[in-house]
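Chemist: Attaching a single structure in structure tokens format; questions to follow.
Just so it is clear, none of the values below were taken in a lab; they were calculated from the coordinates. All values derive from a computational prediction rather than experimental measurement. Every residue, glycine among them, receives a Cβ derived from its backbone with ideal geometry; neighbour counts consider all protein chains shown.
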Amino acid sequence: MRRTTLLATLAVALVATVGAARATGSGAHAFVFDGIDGAPLPLESFKGKAVLVVNTASLCGFTNQYAGLQAVWERYREKGLVVLGVPSNDFGGQEPGKEADIKEFCETNFAVDFPLAAKTTVSGTAAHPFYRWAGDQVGFVGRPRWNFHKYLIAPDGRLVDWFSTATAPDAPRVRAAIEAVLPK
């Protein structure tokens, strides 16, 4: 019994230590993705900027939203917006490629030059901690149910809005929400 308790305590301490090493700020800024090139991609590095986090997939009926994401990025990046693409194979197995393939696809087909994370789980119990946190913030209805679900993060790290897959990234509603949280 003691050994089980000790092992459980050590496991909790290890998880807390690893989590603390990956947590660098508050709100969304506390999370770190792996970048598509393998380097850490801490959301804290976007502190002071609005961030549109979008789970993406290369073989989805909504894949053309990459063009809208790039357009939003080009329109607002100088005003303080970061678009972050998070490739995921969670829905329909529509992102089967490796990171190099995903990056090449995005650059070649959509001239994407906004930051991309490595392929990431965004749903269920194995979801990346950012997606678990965001889901807790918005509740069941605001969690990703398909590719190209969007979360809008304010410059201070608060999750301020979300947009379903069917909402284009350059839709008036999305642009208005972005404009409302851009740094002044």
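Chemist: Could you count how many residues in the stretch 115-153 are touching an Asp or Glu at 6+ places or on another chain (Cβ under 8 Å), within 25 Å of Asp170 (Cβ to Cβ) and polar (S, T, N, Q)?
Modeler: Looking only at that region, the number is 3.
Chemist: When you look at Asp136, is it surrounded by fewer than 19 Cβ atoms within 10 Å (Cβ to Cβ) and not polar (S, T, N, Q), yes or no?
Modeler: Taking the combined requirement at face value, the residue satisfies it.
Chemist: Let me ask something else. Considering each of Tyr76, Tyr151 in turn, give the residue that is hydroxyl-bearing (Ser, Thr, Tyr), closer than 17 Å to Gly27 by Cβ and crowded, with 16+ Cβ neighbours inside 10 Å.
Modeler: It is Tyr151.
Chemist: Separate question: Could you please tell me which pairs satisfy a Cβ distance under 9 Å, a separation of 6+ or placement on different chains, a first residue in the stretch 34-46 that is free of Cβ contacts under 8 Å to residues at least 24 places away in the same chain, and a second residue that is acidic (Asp, Glu)?
Modeler: Pro40/Asp34
Chemist: Can you work out which of the residues in the stretch 161-176 that are buried (at least 19 other Cβ atoms within 10 Å of the Cβ) and either free of Cβ contacts under 8 Å to residues at least 40 places away in the same chain or out of contact with any strand residue (DSSP E or B) (no Cβ under 6 Å at 6 or more places or on another chain) (or both) is nearest to Val72 (Cα to Cα)?
Modeler: Checked the stretch 161-176; the qualifying residue nearest to Val72 (Cα to Cα) is Pro169.
Chemist: Would you kindly identify the helices (runs of 4 or more DSSP H) lying entirely within the stretch 46-141 that contain at least 2 residues that are closer than 20 Å to Phe33 by Cα and of a type in the set (Gly, Ala, Ser)? I'd like the intermediate steps shown before the answer.
Modeler: On the way: elements: 65-76, 99-110, 129-138.
In the stretch 46-141, the matching helices (runs of 4 or more DSSP H) lie at 129-138.
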